[in-house]
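FYI, it's all coordinate maths here, none of it is from the lab. Here the structure is a predicted model, which is why all the values come from computation and not from measurement. Cβ atoms come from the backbone with ideal geometry, glycine included; neighbour counts cover every protein chain shown.
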Amino acid sequence: MKKIAVLLSGRGSNFVSIKKKIDEGAIKGEIVAVISNKADSKGLEFAREQGLEAIFVNPKEFDGREAYDRELVRILKEKGVELVCLAGFMRIISPYFVSEFRNRILNIHPSLLPSFKGLDAQKQAFEYGVKFAGCTVHFVDEEMDHGNIILQAVVPVLQDDDDHTLAERILKEEHRIYPEAVALFCEDRLKVEGRKVFVI
């Protein structure tokens, strides 16, 4: 059983989908901490309801991004965390954090990377006029939305879509492939070679 931590800023719907799959036995892991940079995040509330350790770490108490991340890393190591899942964590993590958990930090992004990085990816894709959008689970590295791709799901852009309906359909796929990637990690079935991630 791998020890998992979830970092989030908002409702944490991907956190909920991962927790559900753990409860169903589809993921051989346990969530040992849920950490947020927002005291009132819905994700922390849900974690408390589920009997999980919910931790608010206030960014205002730290001098800069790396100082904040050093505190996060301290907490994660104290709890023996083996996998960090970002679930709508609205902070760019520092190179220090990445180096301490190399190839052990997962993120999900609502586009087919490397297209449409950054915020409002669904809206970017919709306004660009692509025929297919989607989502990507990837390892986190020092660059934003850049790390090795683990899984992707393709979502067709329909004629009558707007950016909101497209985002809703992408989110359904996020809830499917993120737990799948976490399960593969927990079973030691992901092998990184260069830019590629192989499922073994």
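The table that follows gives values for the structure above.
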item	result
Highest-fluctuation residue, 98, 130, 182 considered, GNM on the chain with Cα pairs under 10 Å	130
Taking the chain and dividing mean pair separation by its residue count, relative contact order in percent (alpha carbons under 8 Å, at least six apart)	20 percent
Chymotrypsin sites (Phe, Trp or Tyr not before Pro) restricted to DSSP loop in segment 38-77 with at most 16 other C-beta within 10 Å	62
Surface/4 estimate of mean projected area, convex hull on alpha-carbon atoms of the chain, nm²	11.2 nm²
C-alpha center-to-center spacing [segment 141-169, segment 6-85] in angstrom	23 Å
Average Cα contact separation per residue, segment 1-101, under 8 Å, 6 or more apart, as relative contact order %	38 percent
Average projected area [Cα convex hull, segment 107-200], square nanometres	5.9 nm²
Principal-axis tilt of helix 13-23 within the chain, Cα atoms, nearest 10 degrees	70 degrees
Reach of residue 28 by Cα under 27 Å, taken over lysines that are not fewer than 8 positions away in the same chain	2, 3, 19, 20, 42, 77, 79, 172, 191, 196
Per-selection Rg to Rh, segment 34-130 - Cα, Kirkwood hydrodynamic radius	1.01
Relative contact order %, segment 76-126, counting alpha carbon pairs below 8 Å whose residues are six or more apart	32 percent
On Cα atoms only, tilt of 163-186 relative to the major axis of the chain in degrees	50 degrees
Paramagnetic label zone (point 7 Å from Cα along Cα-to-C-beta, residue 77; backbone N under 11 Å) in segment 35-71	70-71
Karplus (6.51, -1.76, 1.60) ³J(HN,Hα), θ = phi - 60°, over segment 188-200, in Hz, Gly and Pro reported as x	6, 9, 10, 10, 9, 9, x, 7, 9, 10, 9, 8, 10
